[in-house]
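Q: Before we start, here is the structure in question, set down as structure tokens.
Please treat every number below as a calculation from the coordinates, not as lab data. On a predicted model such as this, the values are computed, not experimentally measured, just so you know. As a convention, Cβ positions derive from the backbone with ideal geometry for all residues, glycine included, and neighbour counts pool all protein chains shown.
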Amino acid sequence: MNPRAPTPADLVHSVLAVPPLARRPDLSLDAAANRALVRHIEAGGVRILLYGGNANLYHQPVSEFGDMLSLLSEAASPATWVIPSIGPDYGKMIDQAALLRRSAYRTAMVLPMQGFTSVEGVESGLRRVSDAAGMPLTVYLRSEDTLSIEALGRLVDGGHVWCVKYAIGRTAGVHEDAFLDALIQRIGAARIVSGMGERPVLGHVGRVGRYGLPSFTTGGGCIAPRSCMALLAALHAGDAGRARELHARFMPLEELRESLSLVRVLHDAVSWSGVADMGAQLPLLSPTPASMREAVEAAARALRQQDQGV
């Protein structure tokens, strides 16, 4: 694992792969399968791994967190940053912060909490967690109600937040987002990554996108990392035609994920693509329904095959 703290300047050089977490039938962590997936992603040029929703860390016990940190830090190459996730509740975050402080990790993402929060409370809580962990946090922003732009700005100014994973969906599409415009004006585009997979990147990222964000998170890139890195390069080069061509590769699997569950379908798609066996799904989630297997497996294998020809 890369021991250097990541900076906004690093974000333009890699997508942020968001992998599932492989488990054995007894739900314990499968070190060999997780290493196999990490090696596959790294072989495609990806240098940032973000373990969060796709790894179902919402339901991970704190008692397993330290073991996961050790496993992932050892699995990644010295050139690859690994960003684990903490939370979503404050009690879990503050316990995990103590473990992070004793580790070689340099940032962690805060999973979004739904309900029982206030803007002032979230700002105060993130400041406390950052101080306890001894590192700036990555904020996963899914709602305008979680943190105000000024609250986020203060956290960035104070060194408590270094990056925002922006995942607020818009019914009007990505071309009309006053909140994102204002957030960019306050903290700069360089600290914000498009956080909803490939779907919005043609409007969000690089010279092709309206907002000029430096990078994006990806689930499909765990299967097709070369295609994902080529897409990032095309977006920054302003090659809209090439970007649209690469973008289209990811849409069949993305549409299947959106039709049921982004997390459940990706977990099984990685297995069925032949990259690595992700094994059992951690409760409170369940496997992809058998009725969807043929479609998901076909999309995953097609995506992987296309990736080999980049």
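Q: Can you give me the P(r) profile for the stretch 153-238? Cα pairs, bins 5 angstrom wide beginning at 0, each as a whole percent.
A: Reading the bins upward from 0: 3, 15, 26, 24, 17, 11, 5, 0.
Q: Give the residue from Ala243, Thr138, Leu256 lying farthest towards the positive end of the charge dipole for the chain; charges sit on Cβ (+1 for Lys and Arg, -1 for Asp and Glu) and the dipole is referred to the Cα centre.
A: It is Ala243.
Q: In deg cm²/dmol and to the nearest 500, what is the mean residue ellipticity at 222 nm of the chain if only DSSP H runs of at least 4 residues count, each as -39500 (n - 2.57), divided by the residue total? It would help to have the intermediate numbers written out before the result.
A: Working: 11 runs with 137 residues, N = 310.
Calculated mean residue ellipticity at 222 nm is -14000 deg cm²/dmol.
Q: Now, a different point. Using Cα pairs closer than 8 Å and at least 6 residues apart in sequence, work out the relative contact order for the chain, in percent.
A: Here the relative contact order equals 21 percent.
Q: Name the residues whose placed amide hydrogens come within less than 5 Å of the amide hydrogen of Leu50, ignoring near sequence neighbours (fewer than 5 apart) on the same chain.
A: Ala17, Val18, Ile83
Q: A further question on this structure: With both bridge residues required to lie in the chain, what share of the DSSP beta bridges run antiparallel, to the nearest 5%?
A: Just about 5 percent of them are antiparallel.
Q: Another question, if that's okay. What is the packing order of peptides 53-62, 113-122, taking the mean over residues of other C-beta atoms within 10 Å and listing the highest first? Walk me through the intermediate numbers first.
A: Numbers: 53-62: 19.1, 113-122: 13.0.
The packing order, highest mean first, is 53-62, 113-122.
Q: If you place +1 on the Cβ of every Lys and Arg, -1 on the Cβ of every Asp and Glu, and leave all else neutral, what size is the dipole of the stretch 1-84 about its Cα centre, to the nearest 20 Debye? Please list the in-between numbers first.
A: Details: 6 positive and 7 negative charges, 36 e Å.
The calculated dipole for the stretch 1-84 is roughly 180 debye.
Q: Rounded, prolate or oblate: which fits the stretch 1-97 when a ≥ b ≥ c are the square roots of the eigenvalues of the alpha-carbon gyration tensor, with rounded for a/c under 1.5 and prolate only if a/b beats b/c?
A: oblate
Q: Next question, about the same structure. May I ask you to order 130-137, 267-274 by the average number of other C-beta atoms within 10 Å around their residues, highest value first?
A: On the way: 130-137: 20.0, 267-274: 23.0.
Going from most to least packed, we get 267-274, 130-137.
Q: Are there DSSP H segments in the chain that both extend 15 Å or more along their axis (alpha-carbon positions) and score a mean Kyte-Doolittle hydropathy of at least -0.5? List them, or say none.
A: Numbers: long enough: 31-43 (18 Å, 0.18); 62-75 (20 Å, 0.63); 90-101 (16 Å, 0.04); 119-133 (21 Å, -0.13); 225-237 (18 Å, 0.99); 240-259 (27 Å, -0.82); 262-273 (16 Å, 0.69); 293-307 (21 Å, -0.93).
For the chain, where a helix must reach 15 Å along its axis and average at least -0.5, the hits are 31-43, 62-75, 90-101, 119-133, 225-237, 262-273.
Q: Given Cα pairs under 8 Å that are at least 6 residues apart, what percent is the relative contact order of the stretch 144-289?
A: It rounds to 15 percent for the stretch 144-289.
Q: Let me ask something additional. What is the dipole size for the chain, taken about its Cα centre, with +1 at each Lys and Arg Cβ and -1 at each Asp and Glu Cβ, in debye to the nearest 20? Provide the component values of the computation, followed by the final result.
A: Working: 30 positive and 30 negative charges, 118 e Å.
The calculated dipole for the chain is roughly 560 debye.
Q: Over the stretch 118-169, what relative contact order in percent results from Cα pairs under 8 Å that are six or more residues apart? Walk me through the numbers on the way to the answer.
A: Values: 60 pairs, mean separation 24.4, N = 52.
Dividing the mean separation by the residue count of the stretch 118-169 yields 47 percent.
Q: If you find the alpha carbon centre of the stretch 36-81 and of the stretch 119-174, how far apart are they in angstrom?
A: 22
Q: Let me ask something else about it. Which one is right for this structure if percent of Cα pairs over 37 Å apart is calculated from it: (1) 15; (2) 9; (3) 26?
A: Given (1) 15; (2) 9; (3) 26, the calculated one carries the label (2).
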